[in-house]
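S.K.: Here's a structure for you.
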Amino acid sequence: MKKLKIIFPILLVFLFIGDTYSQVISESAKRKITIGADFFTDIWQDTPSDMDLRTINQGFNIFGMYNFQLAESNSSFAIGLGIDNHNMYSNTRIDNVRADTITFVPIEEVYQRSKINLTYFAIPMEFKVRLKSGFKFGAGFKLRYMMSSKDKYIGDVPGEDPGRTNVKRKQISNMEDWTYGFTLRLGYKSFNLFGYYQISDIFQKGKGPEMYPISVGITLTPY
């Protein structure tokens with residue numbers, strides 16, 4: 001609920017700013033530039049057998065892309081830059097974020113929340129088809145570089161007196177610096193359904209679980 005209280009105002013500001021700029025930017029410029037945000041949940045794949053995940057693992061991306069029209073068609077190729085943010089909530093914690101091999105261990109204490117957070121610098125590329133009716137379709141590929149990784153835990157800590165403790169640990173070891181995957185969008189005007197299928201693991205091979213996210217959500221593009 002706290003996350004929704006944070007995300008909702010950000011979404012309103014994003015839509016307001018986008019709508020304001022959209023009114024002053026020419027139609028020609030709008031066709032060349034796309035500014036948008038993805039709001040999604042991650043469906044984590046190949047997680048450890050004793051890991052139970054929360055149903056909703058919310059995340060968001062923001063991006064800007066330049067569109068190159070293909071001849072006189074209604075198709076275009078776009079490339080741009082963005083920031084991607086992923087979360088994974090579970091009943092486990094990383095045993096040691098600086099270990100040579102990352103392992104997740106089930107939490108036996110009373111706890112409120114345990115998650116990892118990953119932030120990437122992204123280079124999205126996409127082929128788009130936009131119809132005169134306003135419907136549009138896009139399929140692409142995204143290359144991403146790891147900016148930060150965090151482990152956060154709220155709950156009891158072994159060896160300490162019971163009570164709520166907030167523990168944050170940064171820079172998880174053995175993360176893959178580069179990740180990549182395919183994207184898909186289908187929508188009408190400024191609203192799209194969004195999907196991202198990552199084909200690379202988040203951890204280096206042999207140094208952590210072979211986990212990767214599939215993201216499903218919506219995309220809003222004020223222009």
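The values are calculated or read from the model by the stated rules, or taken from the named source; none is laboratory data. Nothing here was measured: the structure is a model prediction, and the numbers come from that model. A quick note on method: Cβ atoms are made from the backbone with ideal geometry, for glycine too, and the neighbour counts reach across all protein chains shown.
S.K.: How about the stretch 145-160: which of its residues are surrounded by fewer than 16 Cβ atoms within 10 Å (Cβ to Cβ), without any contact (Cβ under 8 Å) to a residue 60 or more places away in the chain and under 22 Å from the mean Cα position of the chain (by Cα)?
M.R.: Tyr145, Ser148, listed by residue number.
S.K.: Regarding the stretch 158-178, can at least one residue be identified that is in contact with an Asp or Glu (Cβ under 7 Å, 6 or more places away or on another chain), within 30 Å of Ser76 (Cβ to Cβ) and aromatic (Phe, Trp, Tyr)?
M.R.: no
S.K.: Quick one: count up the residues across the stretch 177-189 that are assigned to a loop (DSSP other than H, G, I, E, B) and in contact (Cβ under 8 Å) with a residue 40 or more places away in the chain.
M.R.: 1
S.K.: Still on this structure, please answer the following. Of everything in the stretch 94-114, what is surrounded by fewer than 19 Cβ atoms within 10 Å (Cβ to Cβ), part of a strand (DSSP E or B) and not β-branched (Val, Ile, Thr)? Give them in sequence order.
M.R.: Pro106, Tyr111, Gln112, Arg113
S.K.: If you take the residues in the stretch 204-223 that are buried (at least 20 other Cβ atoms within 10 Å of the Cβ) and at pLDDT 95 or above, which one is farthest from the chain's Cα centre (by Cα)?
M.R.: Among those residues, the one meeting the criterion is Gly208.
S.K.: Please find, within the stretch 166-202, the residue that is farthest from the chain's Cα centre (by Cα) out of those that are of a type in the set (A, V, I, L, M, F, W, C) and buried (at least 19 other Cβ atoms within 10 Å of the Cβ).
M.R.: Among those residues, the one meeting the criterion is Ile172.
S.K.: Residue check, Ser133 against (1) over 30 Å from Pro106 (Cα atoms); (2) among the hydroxyl-bearing types (Ser, Thr, Tyr); (3) assigned to a strand (DSSP E or B), all met but one. Which one?
M.R.: Looking at each condition in turn, Ser133 falls short on (3).
S.K.: Continuing with the same structure: Determine whether Phe121 is closer than 24 Å to Asn57 by Cβ, of a type in the set (Phe, Trp, Tyr), in contact (Cβ under 8 Å) with a residue 24 or more places away in the chain and in a strand (DSSP E or B).
M.R.: Against the criterion (closer than 24 Å to Asn57 by Cβ, of a type in the set (Phe, Trp, Tyr), in contact (Cβ under 8 Å) with a residue 24 or more places away in the chain and in a strand (DSSP E or B)), Phe121 qualifies.
S.K.: Just for the stretch 115-138: of the residues that are farther than 30 Å from Ile172 by Cβ and either of a type in the set (Lys, Arg) or surrounded by 14 or more Cβ atoms within 10 Å (Cβ to Cβ) (or both), which one is farthest from the chain's Cα centre (by Cα)?
M.R.: That would be Lys132.
S.K.: For the subset of the stretch 38-61 comprising residues that are in contact with a Pro (Cβ under 9 Å, 6 or more places away or on another chain) and of a type in the set (D, E, K, R), which member is surrounded by the most Cβ atoms within 10 Å (Cβ to Cβ)?
M.R.: Ranking the candidates gives Asp42 first.
S.K.: Only one residue in Gly64, Gly163 is under 24 Å from the mean Cα position of the chain (by Cα), of a type outside the set (Phe, Trp, Tyr), at pLDDT below 95 and surrounded by fewer than 16 Cβ atoms within 10 Å (Cβ to Cβ), so which one is that?
M.R.: Gly64
S.K.: Any residue in the stretch 206-220 that's under 16 Å from Ile56 (Cα atoms): show its pairings with residues that are of a type in the set (Ser, Thr, Tyr) at Cβ separation under 6 Å, as long as the two are six or more apart or on different chains.
M.R.: That search, which allows pairs on different chains as well, returns Ile214/Tyr197; Ser215/Tyr196.
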